[in-house]
1. Considering only residues that are loosely packed, with under 12 Cβ neighbours inside 10 Å and either of a type in the set (Phe, Trp, Tyr) or part of a loop (DSSP other than H, G, I, E, B) (or both), which ones fall in region 221-231?
2. All but one of (1) surrounded by fewer than 12 Cβ atoms within 10 Å (Cβ to Cβ); (2) at pLDDT 90 or above hold for VAL153; which doesn't?
3. Being assigned by TED's automatic domain parsing to the domain that holds SER145 and more than 26 Å from SER145 (Cβ to Cβ), is that true of even one residue in region 163-174?
4. Which residue out of LEU144, LEU193 is surrounded by 15 or more Cβ atoms within 10 Å (Cβ to Cβ) and not in a helix (DSSP H, G or I)?
5. Do we find that LYS215 is surrounded by 11 or more Cβ atoms within 10 Å (Cβ to Cβ), closer than 19 Å to LEU135 by Cβ and either touching a residue at least 24 places away in the same chain (Cβ under 8 Å) or of a type in the set (S, T, N, Q) (or both) in this structure?
6. If the Cβ limit is 8 Å and pairs must be 6+ apart or interchain, which residue in region 184-205 that is in the same structural domain as GLY219 (by TED's automatic domain parsing) and of a type in the set (Lys, Arg) pairs with which residue that is in a helix (DSSP H, G or I) and surrounded by 13 or more Cβ atoms within 10 Å (Cβ to Cβ)?
7. Whether any residue in region 98-108 is at pLDDT below 90, small (Gly, Ala, Ser), closer than 15 Å to ALA37 by Cβ and in contact with a strand residue (DSSP E or B) (Cβ under 7 Å, 6 or more places away or on another chain) is what I want to check.
8. Which of the residues that make up region 144-195 are under 22 Å from GLU231 (Cα atoms) and among the charged types (D, E, K, R)?
Amino acid sequence: MASSLNLIVVEDHDALRAVTVALLTEHGHQVMGVASAEALDDEAGGRVADIYLLDLNLPGEDGISLARRLRRVHPSVGIIMVTARNQARDSATGYDSGADIYLTKPLDQAELISAVNALARRVKPAAPQEQQRVLSLDVQRLLLSGVTEDVPVTDTEASLLSALTLAPGQRLGFWQLHEVLGQLPNEANKASLEVRMVRLRKKLTQASGEDGALKAIRGHGYQLCTALQLE
């Protein structure tokens, strides 16, 4: 889900406005609903939203005019224009007015949430600390560096991690892992491999602070499920 946003819904249909506000609120956003452009000016109290959801056919100043005004005053905000299906031909006018996304009534809830999430990536990009942090493996020092701490690894574990990182899809079959270890793929060596992979999974969890970095693929082998940079 996108991070919490400030949204303002401008819709003159009371029931539809209430449903839309409730839906967006349920998805973790701060949402205000008003019935007209004039009400927006009167009730918002200077509040600037991250995203505006505008009905095209508003009483008084219509959605097209309001979108133009918002875009002129606040160039970086997100604007979603909503109209009835028989007015879909007006979408070009809506886009020309500054709308980012054009939706038709009746609104599909999943489509609306997807539209909000898509705009969120532009109007409120993830802060650097929220972006994915990549683990790194120093193959000379045999040190796995992560988000929470640095974890020493053995030469064998470094070889396994390097091979998984460089493999297509970061996935290797049992026979390929045995080959990395210089072993024959027999039952005894398979048990030994599983013990090694359990230990390696624990070290990845210790370094990253998250579970699931190394996944066993039943009947096939193992997959590395996190980004790992080799140094």
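1. GLU231
2. Here VAL153 meets the rest and fails (1).
3. yes
4. On the way: LEU193 fails: not in a helix (DSSP H, G or I).
Only one candidate passes the filter, namely LEU144.
5. Numbers: surrounded by 11 or more Cβ atoms within 10 Å (Cβ to Cβ): yes; closer than 19 Å to LEU135 by Cβ: yes; either touching a residue at least 24 places away in the same chain (Cβ under 8 Å) or of a type in the set (S, T, N, Q) (or both): no.
For LYS215, the condition - surrounded by 11 or more Cβ atoms within 10 Å (Cβ to Cβ), closer than 19 Å to LEU135 by Cβ and either touching a residue at least 24 places away in the same chain (Cβ under 8 Å) or of a type in the set (S, T, N, Q) (or both) - is not met.
6. Partner pairs satisfying both residue conditions: LYS190/PHE174; LYS190/HIS178; ARG196/THR156; ARG196/GLU157; ARG196/LEU160; ARG196/LEU181; ARG199/GLU157; LYS203/GLU157.
7. Yes, because at least one residue in region 98-108 is at pLDDT below 90, small (Gly, Ala, Ser), closer than 15 Å to ALA37 by Cβ and in contact with a strand residue (DSSP E or B) (Cβ under 7 Å, 6 or more places away or on another chain).
8. Across region 144-195, the qualifying residues are GLU149, ASP150, ASP155, GLU157, ARG171.
The values are calculated or read from the model by the stated rules, or taken from the named source; none is laboratory data. Just so you know, these numbers come straight off a predicted model, no measurement behind them. Every residue, glycine among them, receives a Cβ derived from its backbone with ideal geometry; neighbour counts consider all protein chains shown.
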